[in-house]
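Only one structure is covered here, and it is reproduced in the block below.
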Amino acid sequence: MKVLNLRCAHDHRFEGWFDSEDDFQSQHERGLVECPLCADKAVTRLPSAPRLNVSNLRDDAKPARSPGEATEAALRQSKWMQTVRHLMDNTEDVGERFPEEARRIHYGEAQERGIRGQASREDAEALREEGIEVTAVPVPAALKGPVQ
Ligand SMILES: [Zn+2]
């Protein structure tokens, strides 16, 4: 799965979830990607580096399972784990300095880069109010702990 930051012609910003970049391209070409606020189809990708709040480790983020969906859910979970692993490989862990570091990057006081770390719900909301994009990522239990 791939999370893309998207923007419509009216400067509404939103996230789109796709299987891959190809999946986004193909849906985009067929006019299937539209702004959730104004239904505009002139959607462009934002190149912004990800800022990930990885503290929300909630069980209710897992997909609901029924016996028939077990295989599909397992597949989805492994895809999700690959995505999270990729995100973790491509972001710098700043731990509890996350809100501070996200602000420094936003205001140009630190180098633009992808970061991840912990932020409380209040911190994350305060960041969003300042216009700083924060994505909450539920991390699978298997990926907790040190990451190379
Ligand atoms: Zn829009």
| request: Give the range 1-26 a look and list any residue that's of a type in the set (K, R) and open to solvent by 80 Å² or more (accessible area, probe 1.4 Å), or say none. | output: R13
| field | D60, sole failed condition from (1) within 14 Å of T135 (Cβ to Cβ); (2) part of a helix (DSSP H, G or I); (3) modelled with pLDDT under 80 | value | (1)
| In the range 27-46, is there at least one residue being exposed (fewer than 11 other Cβ atoms within 10 Å of the Cβ) and at pLDDT below 85? | no
| said: If I ask for residues that are within 16 Å of the ligand (Cβ to nearest atom), touching an Asp or Glu at 6+ places or on another chain (Cβ under 8 Å) and not in a loop (DSSP other than H, G, I, E, B), which ones from the range 1-43 would you list? | reply: L4, N5, L6, R13
| Search result, residues across the range 117-138 that are open to solvent by less than 20 Å² (accessible area, probe 1.4 Å) and not in a helix (DSSP H, G or I) | G117, A119, I132, V134, V137
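The values are calculated or read from the model by the stated rules, or taken from the named source; none is laboratory data. Worth saying up front: this structure is predicted, and the values here are computed from it rather than measured. In this analysis, Cβ positions are derived from the backbone assuming ideal geometry, glycine residues included, and neighbour counts consider all displayed protein chains. Side chains included, ligands, DNA and RNA excluded: accessible areas come from the protein's heavy atoms. Shrake-Rupley method; radii C 1.70, N 1.55, O 1.52, S 1.80 Å.
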